[in-house]
Amino acid sequence: YKRVTVKSLIDMKNHGERISMLTAYDYSMAKIVDSAGVDVILVGDSASNVMAGHETTLPITLDQMIYHATSVVRAIDRALIVVDIPFGSYQADPKEALRSAIRIMKESGAHAIKVEGGAEIKDSIKRILKAGIPVMGHLGLTPQSIYKFGTYTVRAKEAEEAERLKEDAKLLERLGCFAIVLEKIPAALAKEVAESVSIPVIGIGAGGGVDGQVLVIHDLLGITHQFNPRFLRRYMNLYEEMGKAIGQYVSDVKERDFPNEQEQY
Ligand code: KIV
Ligand code: NA
């Protein structure tokens, strides 16, 4: 795929090719992520945590999400760019949801948006889709509702919540969403959902039976170091590596080792 589209993702599912997705929030990181061949870049509202230092994803604003998305769009040659529609910019009514989605698409140049929830936001999803904006769903642990759950533990372990999730996935497919993220639910349930819908299901903490995987880039690189859920595989320990490099720089400056003869004019 020279350029990944929502159609390519469905092709990948049909051919059994797993979909790789990662977050990015700025130009430099997005450039690396795109060049490395990641299929989908999510400008996640996890920017609220990893970029802005908030405890939850609730405080980030639509303007801030558009700023992050705009920076990412400038970096990309191949990946499909999906942007989280932030808390407070789509729940009031479908018109507000559509206005927010349009702002993201128009001002950033991204390719799709992602919303958290199922039946309860059905009318908003419909309205956005009717405007021709591709929508990715997000079920299971939905961080924008964290104060309703009270904890970040595994969702849908009980039959009732699992049934509701399955119905919501079917609903999102029927409405015309192009993919669904499933966060932190039992692997068996996630696999069942992935097999029950024709659109790609992308998991985070949802096991290997789904059509793709997503992680927060700061977690994969080990920039965040106090977040250790079971589902996270760290590919680097950048927190340590960067700390070492920066510590070396400080000591080089203090010791008058930097700059040396060759490093000046
Ligand atoms: O904001 C985010 O990073 C996300 C992914 C974890 C799916 O929504
Ligand atoms: Na998110």
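The values are calculated or read from the model by the stated rules, or taken from the named source; none is laboratory data. A quick note: this is a predicted structure, and the numbers were derived from the prediction, not measured. Reconstructed Cβ throughout: ideal geometry from the backbone, glycine too, with neighbour counts over all protein chains shown.
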Could you count how many residues in region 97-120 are surrounded by fewer than 24 Cβ atoms within 10 Å (Cβ to Cβ), of a type outside the set (Gly, Ala, Ser), in contact with a helix residue (DSSP H, G or I) (Cβ under 8 Å, 6 or more places away or on another chain) and in a helix (DSSP H, G or I)? 3
Within region 220-265, how many residues turn out to be touching a Leu at 6+ places or on another chain (Cβ under 9 Å) and aliphatic (A, V, I, L, M)? 6
Qualifying position, being farther than 30 Å from residue 27 by Cα and either part of a loop (DSSP other than H, G, I, E, B) or more than 16 Å from ligand 2 (Cβ to nearest atom) (or both), among 240, 163: 163
Determine which member of the set 129, 171 is of a type outside the set (S, T, N, Q) and within 26 Å of residue 38 (Cα to Cα). 129
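The rows are residues; the columns are (1) buried (at least 20 other Cβ atoms within 10 Å of the Cβ); (2) modelled with pLDDT of 95 or more; (3) part of a helix (DSSP H, G or I); (4) among the aliphatic types (A, V, I, L, M).
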site: 1; (1), (2), (3), (4): no, no, no, no
site: 11; (1), (2), (3), (4): no, yes, yes, no
site: 14; (1), (2), (3), (4): no, yes, yes, no
site: 25; (1), (2), (3), (4): yes, yes, no, no
site: 31; (1), (2), (3), (4): no, yes, yes, no
site: 34; (1), (2), (3), (4): yes, yes, yes, no
site: 38; (1), (2), (3), (4): yes, yes, no, yes
site: 45; (1), (2), (3), (4): yes, yes, no, no
Please verify whether residue 123 is surrounded by fewer than 19 Cβ atoms within 10 Å (Cβ to Cβ), acidic (Asp, Glu) and out of contact with any helix residue (DSSP H, G or I) (no Cβ under 7 Å at 6 or more places or on another chain), treating the condition exactly as stated. no
Would you say residue 50 is within 15 Å of ligand 1 (Cβ to nearest atom) and surrounded by fewer than 24 Cβ atoms within 10 Å (Cβ to Cβ)? yes
Across region 165-200, what is the total count of residues that are of a type outside the set (A, V, I, L, M), touching a helix residue (DSSP H, G or I) at 6+ places or on another chain (Cβ under 9 Å), surrounded by fewer than 23 Cβ atoms within 10 Å (Cβ to Cβ) and under 11 Å from residue 211 (Cα atoms)? 1
